[in-house]
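A.B. asks: Questions regarding the structure given below will be posed in turn.
The values are calculated or read from the model by the stated rules, or taken from the named source; none is laboratory data. A quick note: this is a predicted structure, and the numbers were derived from the prediction, not measured. Neighbour counts run over all protein chains shown; Cβ positions are idealised from the backbone, glycine included.
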Amino acid sequence: MPDSFSSRPERYRTAPPELKYATLHLQSAAETLFKAHLETHSPELVWFDPKIYDAAKHQAVTSRAAA
């Protein structure tokens, strides 16, 4: 009994490059939106190491990125 993947036509066995890139961009956009939402709740959560969070550094980085 063939499995469902191998019984599909050849053109459907691999995802087209457009779908792969769309998936990567969607994941990146979701991560960016999630981090922006996290930042509004608690800015130290978006830092790599929350223990070294410094509000002045964070403000300097975010204001420079917004410019």
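A.B. asks: Against the definition (modelled with pLDDT of 85 or more and among the hydroxyl-bearing types (Ser, Thr, Tyr)), how does Thr23 come out, yes or no?
C.D. replies: yes
A.B. asks: Pairs only if they're at least six apart or on different chains, beta carbon under 7 angstrom, first in the range 34-46 and without any contact (Cβ under 8 Å) to a residue 24 or more places away in the chain and over 14 Å from His58 (Cα atoms), second of a type in the set (S, T, N, Q) and part of a helix (DSSP H, G or I); list them, first residue then second.
C.D. replies: No pair meets every condition.
A.B. asks: Another question, if that's okay. Considering the range 45-64 alone, what residues qualify as being under 18 Å from the mean Cα position of the chain (by Cα) and either outside any helix (DSSP H, G or I) or not β-branched (Val, Ile, Thr) (or both)?
C.D. replies: Leu45, Trp47, Phe48
A.B. asks: Please determine, by comparing only the residues of the range 43-63 that are of a type in the set (S, T, N, Q) and surrounded by 11 or more Cβ atoms within 10 Å (Cβ to Cβ), which one is modelled with the lowest pLDDT.
C.D. replies: If we take residues in the range 43-63 being of a type in the set (S, T, N, Q) and surrounded by 11 or more Cβ atoms within 10 Å (Cβ to Cβ), then Thr62 is modelled with the lowest pLDDT.
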